[in-house]
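Notes follow once the structure below has been shown.
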Amino acid sequence: MEITIKNLTKVFPGNPKKNIPDTTAVDSFNLDIQDGELLGLLGPSGCGKSTTLYMIAGLKAPTSGEIWFGDEDVTNLPPEKRGIGLVFQNYALYPHMTIYDNVKFPLTNLRVKTTKKAAGIIYGRKIKSLLTGDLATVLEEIRKSEFGGKISKQAAARNLVFKFHIVTSMAKKIYSYGLHLLPEEQIPAKLDEIFHDIDEKEAKTIESLKKKGISLNDKFEYLIDGNTVETVRRLTNDEIDELVQETSRLVQIQDYLDRKPAQLSGGQQQRVAIARALVKKPRVLLLDEPLSNLDARLRLQTREEIRRIQKETGITTIFVTHDQEEAMSISDRIVVMKLGIKMQEDAPQTVYNDPHNLFVAKFLGTPPINVFEGYTKDGSLYIGEEKILTDKKALAEDKKVFVGIRPEGFLADEHVKEEDKVFSIDVKQIVTMGRDMSLVAGHGKFLGEDIKVIVDSDIKAHVGVMKFAIRPNKIFVFDGETEERIYLSKK
Ligand code: ATP
């Protein structure tokens, strides 16, 4: 589902009596999200990313602007009519319900538009095909799950559900035939009996439908005067079960369905929350900081899970986070926000390689970019006394600038010519980390605590003043007033 956001604005009114001003949480926000895309909405606390998400969800009303899902204007639709699945930071599962019931919950009162079908015939045919096709495995699965009769029919049936992707009631039905209790030689006769019953029921159904003027097509849909019949109804228990099972397999919680939320880890609980959001087959999945309650290891694992699930379902997804690394690793595209305004949108690597302004440059990257106070004079860029580069065209105007150098932008290996080493920093500490070496350094014009440099561990580093060449694609110049990027000429 394509999403289009046009001029979206949200102003929270202040209180003049208490001297609280209005807050513009989202300001003229425009965005196009492609069908099947995973978009990361990224920014520091208070930048308006959650407010944007809640307006898309329908939980907050925009002050102005429009939200479209495909060619449907959803701006004024209530959340339940938008076809969205929402996952919050706190998984908000019902503690007294089993995982199965938690996932099932959104389906309980759901009404769906479907064509009328002869469900009994489909059901019977499926049982027949299962018992004809792979009887040996079916029997093996039933026997395996019985544990000498110590396990409930419901729990034993789960095994068949997982193995053959059938609904629970069908698994129980097959189990109740008792085929697994019979001696081998009696099984064919029992099967004949079962199939005979199924065929007889099917014939009866067709006969009674015929009397009402209803025939069936090859999908067993009702046909009246050659047309299928539409109906709006609740889901049947079997349909609900099928959706719960299918979604549980997708997010890999099928082994925990009989447990309560407290018996699961945080990551597993968040997967349940995702299943609950997906079970209604929403058009759009909205995730609000879904990983922030998890510890580091689970966060990484769940992040990969979300990516896999999103790719498998192809569902258009918006993922809100303040964690740049998380957004960069999971998203097809990221939008960086500041004070309600979109600062930049693009593929994560493109935003990292080509930040349009100082804010974006500082927000992406670990360790973060090193920012220095600098100035331009007669077409050259200076930091302190040192002339870093010359670009007569781009730096024609003399002014104060900010200079950002990525940690990996410093060069000092043996191939670097002495005359290219234009920038001196005062190295205070050297930490070797396998392939790379991390230098902590200082400089009079550095805006921050410590300069962080990452270089190959085979360069000859030493504590004290070291001179470096700067990789041209790792240095960015920003206007000292507007903080917008000054693009250097391509060499
Ligand atoms: P966080 O990551 O901290 O949740 P965020 O980027 O999601 O931040 P929002 O929650 O969207 O930011 O808030 C954006 C701005 O709107 C903030 O300045 C916030 O204080 C303000 N704001 C949010 N909700 C309300 C409200 N109900 N009333 C008044 N101001 C609000």
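Looking across the range 253-280, the residues that are in a loop (DSSP other than H, G, I, E, B) and surrounded by fewer than 19 Cβ atoms within 10 Å (Cβ to Cβ) come down to Asp258, Arg259, Lys260, Leu264, Ser265, Lys280. With respect to the conditions (1) aromatic (Phe, Trp, Tyr); (2) open to solvent by 10 Å² or more (accessible area, probe 1.4 Å); (3) away from the ligand (no atom under 16 Å from the Cβ); (4) over 24 Å from the mean Cα position of the chain (by Cα), Phe372 falls short on a single one, namely (2). Taking helices (runs of 4 or more DSSP H) as the structural unit, those lying wholly within the range 293-355 and holding at least 3 residues that are farther than 20 Å from Thr366 by Cβ correspond to 296-313.
Residues in the range 371-401 that are small (Gly, Ala, Ser) and either part of a strand (DSSP E or B) or touching a helix residue (DSSP H, G or I) at 6+ places or on another chain (Cβ under 7 Å) (or both): Gly374, Ser380. Please go through the range 55-96 and pick out each residue that is within 16 Å of the ligand (Cβ to nearest atom), open to solvent by less than 40 Å² (accessible area, probe 1.4 Å) and either of a type in the set (Asp, Glu) or within 18 Å of Phe12 (Cα to Cα) (or both). Correct list: Met55, Ile56, Ala57, Gly58, Pro62, Gly65. Only residues that are open to solvent by 10 Å² or more (accessible area, probe 1.4 Å), within 16 Å of the ligand (Cβ to nearest atom) and among the hydroxyl-bearing types (Ser, Thr, Tyr) were counted across the range 301-330, and they come to 0.
For the range 427-441, residues that are touching a Gly at 6+ places or on another chain (Cβ under 9 Å) and surrounded by 17 or more Cβ atoms within 10 Å (Cβ to Cβ) total 1.
Where residues in the range 39-50 are near the ligand (Cβ under 6 Å from one of its atoms) and either open to solvent by 20 Å² or more (accessible area, probe 1.4 Å) or not in a helix (DSSP H, G or I) (or both), which of them is nearest to Pro348 (Cα to Cα)?
Gly43
Of everything listed in (1) part of a strand (DSSP E or B); (2) more than 23 Å from Thr376 (Cα to Cα), the single unmet condition for His462 is (1). The set of residues in the range 234-251 being in a helix (DSSP H, G or I) and either more than 24 Å from the chain's Cα centre (by Cα) or charged (D, E, K, R) (or both) consists of Asn237, Asp238, Glu239, Ile240, Asp241, Glu242, Glu246, Arg249.
Taken as a whole, the structure leaves Asp22 outside the set of residues that are free of Cβ contacts under 8 Å to residues at least 40 places away in the same chain and away from the ligand (no atom under 15 Å from the Cβ).
For the range 27-38, the count of residues that are farther than 16 Å from Thr63 by Cβ and near the ligand (Cβ under 8 Å from one of its atoms) is zero. Among the residues in the range 10-19, are any touching a residue at least 40 places away in the same chain (Cβ under 8 Å), within 15 Å of the ligand (Cβ to nearest atom) and either of a type outside the set (Phe, Trp, Tyr) or open to solvent by less than 50 Å² (accessible area, probe 1.4 Å) (or both)? Checked the range 10-19: at least one residue is touching a residue at least 40 places away in the same chain (Cβ under 8 Å), within 15 Å of the ligand (Cβ to nearest atom) and either of a type outside the set (Phe, Trp, Tyr) or open to solvent by less than 50 Å² (accessible area, probe 1.4 Å) (or both). For the range 63-87, the set of residues classified as closer than 16 Å to Lys6 by Cα and among the β-branched types (Val, Ile, Thr) consists of Thr63, Ile67, Val74, Thr75, listed by residue number.
The values are calculated or read from the model by the stated rules, or taken from the named source; none is laboratory data. As the structure is a prediction and not an experimental result, all values here were calculated from the model. Reconstructed Cβ throughout: ideal geometry from the backbone, glycine too, with neighbour counts over all protein chains shown. Quick note on the areas: whole protein, heavy atoms, side chains included, nothing else; ligands and nucleic acids left out. Shrake-Rupley method; radii C 1.70, N 1.55, O 1.52, S 1.80 Å.
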